[in-house]
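The values are calculated or read from the model by the stated rules, or taken from the named source; none is laboratory data. Keep in mind it's a predicted model, so treat the numbers as computed, not measured. Quick reminder, even Gly has a Cβ in these numbers, built from the backbone with ideal geometry, and neighbours come from all protein chains shown.
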Protein chains: 2
Amino acid sequence: MPDSSDQSLEADVFARDCSSRTTLQNVTGRWGSLVLIALGESNYRFGELRRRVDGVSERMLSQTLQNLERDGMLVRTVHEVIPPKVEYHLTPLGRQVANQLQGLIDLVQHNMPAVREAQAEYDARQGERA
Amino acid sequence: MPDSSDQSLEADVFARDCSSRTTLQNVTGRWGSLVLIALGESNYRFGELRRRVDGVSERMLSQTLQNLERDGMLVRTVHEVIPPKVEYHLTPLGRQVANQLQGLIDLVQHNMPAVREAQAEYDARQGERA
């Protein structure tokens, strides 16, 4: 936490060394957000999750799951069967975060027509300048 | 949360080539999220914003602002004074996104004690294994 007087909650995430910034990145990152939302739908095994989150590499998915497990967002359960079955599910905190993220995603998706319009206008302005 | 039938909204962001995934990344990314939250507090000039968002480089801030402007989240206004004054402010959509992000950040920050506890337990387990 930073230097001066009352740097309440919000100042926190703005401080470059605060650990909340890393946790925020883990849950909002390219893959972290999609993994949380996917696990909000259902528990998944590794391979299932990899198919659900289109485009993620095995290595990145594995790293993402480790980060989210370490932050207490999900639990990795090994069922002792043959072959061993490894399953991931959200913790109560992970579920809260997933719900909040889902709200953000719904908002973005709902407004994509406006976003695409803004992009077209921006690109036209850039074209005029060039 | 859904399973099959209505994959409309939700399926979107999981598809690797959907443009909503890029927009989502722009608003949740390391710097994008902090810039949106900062502009939710107040309008800022470039240098002010750079001081507010601790640790961002000039190049990254500039790129982040361009992405958010292109997606219609913020507006860049040039005031014709000497020296010229360039100011950034949120659009109504940007404000909605910033509010939703703020909810997520509050949730993460509020739960940082639990997150740190989970991290310590995870690290202890890794230590035992090593």
Next on the checklist: For the stretch A:111-123, give me the residue count where each residue is in a helix (DSSP H, G or I) and over 15 Å from residue B:66 (Cβ atoms).
Outcome noted: 6
Item to check | Selection within the stretch A:46-68 - in contact with a strand residue (DSSP E or B) (Cβ under 6 Å, 6 or more places away or on another chain) and of a type in the set (Ser, Thr, Tyr) | outcome: none
Next on the checklist: So residue B:45 ticks every box in (1) within 16 Å of residue A:115 (Cβ to Cβ); (2) exposed (fewer than 15 other Cβ atoms within 10 Å of the Cβ) but one. Which box is left unticked?
Outcome noted: (1)
Next on the checklist: Quick check on my filter: what residues within the stretch B:59-89 are crowded, with 21+ Cβ neighbours inside 10 Å and among the aliphatic types (A, V, I, L, M)?
Outcome noted: B:65, B:68, B:73, B:74
Checklist entry - Quick check: anything in the stretch B:99-117 small (Gly, Ala, Ser) and either surrounded by 20 or more Cβ atoms within 10 Å (Cβ to Cβ) or touching a Lys or Arg at 6+ places or on another chain (Cβ under 8 Å) (or both)? => result no
Checklist entry - Which members of the stretch B:9-41 meet the condition of being more than 9 Å from every other protein chain (Cβ to nearest Cβ) and either modelled with pLDDT under 65 or over 27 Å from residue B:90 (Cα atoms) (or both)? => result B:11
Checklist entry - How many of the residues making up the stretch B:37-65 are closer than 24 Å to residue B:96 by Cβ and without any contact (Cβ under 8 Å) to a residue 24 or more places away in the chain? => result 7
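So, of the residues in the stretch B:78-130 that are β-branched (Val, Ile, Thr) and more than 7 Å from every other protein chain (Cβ to nearest Cβ), which turns out to be nearest to the chain's Cα centre (by Cα)?
Among residues in the stretch B:78-130 that are β-branched (Val, Ile, Thr) and more than 7 Å from every other protein chain (Cβ to nearest Cβ), the one nearest to the chain's Cα centre (by Cα) is B:91.
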